[in-house]
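The values are calculated or read from the model by the stated rules, or taken from the named source; none is laboratory data. Here the structure is a predicted model, which means the values were calculated and not measured. Glycine also receives a Cβ, built like all others from the backbone with ideal geometry; neighbour counts cover every protein chain displayed. SASA here: full protein model, heavy atoms, side chains in, ligands and nucleic acids out. Shrake-Rupley method; radii C 1.70, N 1.55, O 1.52, S 1.80 Å.
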Amino acid sequence: MPEIVQPKIDRAYDCIDEERALLEAERDAFQTLRRRVSTIQVDQSGPTAVETGNTVAVTTPSFRPQSGGLRKIRDAYRETVMAVPHYDSEYGESLRENLEVECGASLARHLLDGDVLTPAMYNAFVDACTQAQDTRERTLTRIEHEQQSLERFETALTDIESTVIDVSEQVESASRSPDRIDETLETAQTRCMDHASERQEQLHERAEKDIPGVERLSLVEYLYADLETTTPVLSDIAACLETIRHQRRRCLR
């Protein structure tokens, strides 16, 4: 029997492996960053509210030299988050641009242009780093679930195609009646269509859950944007169905 492969699903595995490596590197970078900044001493001064999206930081105008704590935060950020191997190729952002994405524009501005690192500003920064780390972790969990789905559909399709190959040999040898062969193929076709319906329902459910930090993209759009299709499972199911229909036409000639 020839080797049975699901070409679109195989390429989807590659996309998952690549994205997993990037997310793990970023998650670990934020974890390291949090450890790095845990020993930074904050400055004590009067508070002024600073909005940071869902967080409120505090700073106070000052005319004294810029805080050493702010400099240490910036250095630590460059040496962790911006030092992951894929940073330039995937983002290529300046420190200011990336801080705005991860921490919000207001907090980024105070971290870069402010003079004082107040306790509230420090806590807001740590909270933003924790959120960034948690977002990567949640996305990794969703990717693991997607890989498990791919594996299940791949196994099911391979089993169906194995049956179709066996039946096609029976068509050649005329070892079974055409009607019996067609019944087997019809069952295989029904199984394929059931898997297609299941996957479509799965995709519909996931489409309602955007990937955090990626504007309005579903999981498959996020993972498979560089493939010729963002629905690799459905593409391989469609190819299997076409093979089955071809064999049924041969059988009933």
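For the chain, what does the helix formula give at 222 nm: sum of -39500 (n - 2.57) over DSSP H segments with n ≥ 4, over the residue count, nearest 500 deg cm²/dmol? Don't skip to the end; give the middle numbers.
On the way: 9 runs with 175 residues, N = 253.
Theoretical 222 nm ellipticity from helices: -23500 deg cm²/dmol.
For a Förster distance of 41 Å, can you work out the FRET efficiency between the beta-carbons of D226 and S177, rounded to the nearest 0.05?
Values: r = 47 Å, r/R0 = 1.16.
Computed FRET efficiency for D226 and S177 comes out at 0.30.
Using a probe radius of 1.4 Å on heavy atoms only, what accessible surface per residue do you get for segment 70-110? Whole Å² is fine. Could you put the intermediate results ahead of the total?
On the way: 2110 Å² over 41 residues.
Heavy-atom accessible area per residue stands at 51 Å².
The chain: D in µm²/s via Stokes-Einstein (Kirkwood Rh, Cα pairs, 37 °C, 0.692 mPa s)? Show your work: numbers first, answer last.
Details: Rh = 21.9 Å.
In µm²/s, the coefficient rounds to 150.
Between V5 and A83, how high is the FRET efficiency from 1/(1 + (r/R0)^6) when r is the Cβ-Cβ distance and R₀ = 30 Å? Nearest 0.05.
Details: r = 38 Å, r/R0 = 1.28.
Working from the Cβ atoms, E equals 0.20.
For the chain, find the longest principal axis of its Cα atoms and tell me its angle to the long axis of helix 178-207, 0 to 90°, nearest 10.
Rounded to the nearest ten degrees, it is 10.
Using the beta-carbon distance between Y13 and V42 and R0 = 45 Å, what value does 1/(1 + (r/R0)^6) give for FRET efficiency, to the nearest 0.05? Please list the in-between numbers first.
Details: r = 46 Å, r/R0 = 1.02.
The value I calculate is 0.45.
Between N123 and H246, what is 0.36 nm times their sequence separation minus the Cα-Cα distance? Round to one decimal in nm. The partial results should precede the final answer.
On the way: separation 123, 0.36 × 123 = 44.28 nm, distance 6.42 nm.
Stretched out fully, the N123 to H246 stretch lengthens by 37.9 nm.
Projecting each Cα onto the charge dipole of segment 124-253 (Lys/Arg +1, Asp/Glu -1 at the beta carbon, about the Cα centre), which of T243, H195, A132 comes out farthest on the positive side?
Looking along the dipole axis, the top candidate is T243.
Assign unit charges at the C-beta atoms only (+1 for Lys and Arg, -1 for Asp and Glu), then state the dipole size of segment 110-253 relative to its Cα centre in Debye, rounded to the nearest 20. Don't skip to the end; give the middle numbers.
Details: 16 positive and 30 negative charges, 116 e Å.
Roughly 560 debye, rounded to the nearest 20.
Given points 7 Å out from each Cα along the Cα-Cβ axis, report the A238 to E24 separation in nanometres with one decimal.
3.3 nm
In whole Hz, what ³J(HN,Hα) sequence does segment 151-163 give by Karplus (6.51, -1.76, 1.60; θ = phi - 60°), x for Gly and Pro?
3J(HN,Hα) across segment 151-163, in whole Hz: 4, 5, 5, 4, 4, 5, 5, 4, 5, 5, 5, 4, 5.
Would you please name the GluC sites (Glu not before Pro) within segment 218-247 that are DSSP coil residues with at most 16 other C-beta atoms within 10 Å of their C-beta?
Working: sites: E221, E228, E242; in loops: E228.
Hits after loop and neighbour filter: E228.
Taking the Cα centre of the chain as the origin, how large is its charge dipole in debye, to the nearest 20, when only Lys and Arg (+1) and Asp and Glu (-1) carry charge on their Cβ atoms? Show your work: numbers first, answer last.
Details: 30 positive and 49 negative charges, 148 e Å.
So the dipole magnitude of the chain works out to roughly 720 debye.
Return the equivalent ellipsoid semi-axes of segment 1-42 as a descending list in whole Å, where each equals the square root of 5 times an eigenvalue of the C-alpha gyration tensor. Don't skip to the answer; put the middle values down first.
Numbers: eigenvalues 358, 9, 3 Å².
Largest first, segment 1-42 gives 42, 7, 4 Å.
Would you check the accessible area of T184, probe 1.4 Å, heavy atoms only, in square angstrom rounded to 10?
40 Å²
Once segment 88-211 is represented by equal point scatterers at the alpha-carbon sites, with solvent omitted, what log10 I(q)/I(0) does the Debye formula produce at q = 0.11, 0.12, 0.13, 0.16 Å⁻¹?
-0.65, -0.70, -0.75, -0.91
Hey, for a label at D159 modelled as a point 7 Å past Cα toward Cβ, could you say which residues of segment 6-26 have their backbone N under 17 Å away?
Residues 6 qualify, since their backbone N sits under 17 Å from the label point.
Just going by the charge dipole of the chain, with Lys and Arg at +1 and Asp and Glu at -1 on Cβ, which of V116, L219, Y91 is farthest out on the positive end?
V116
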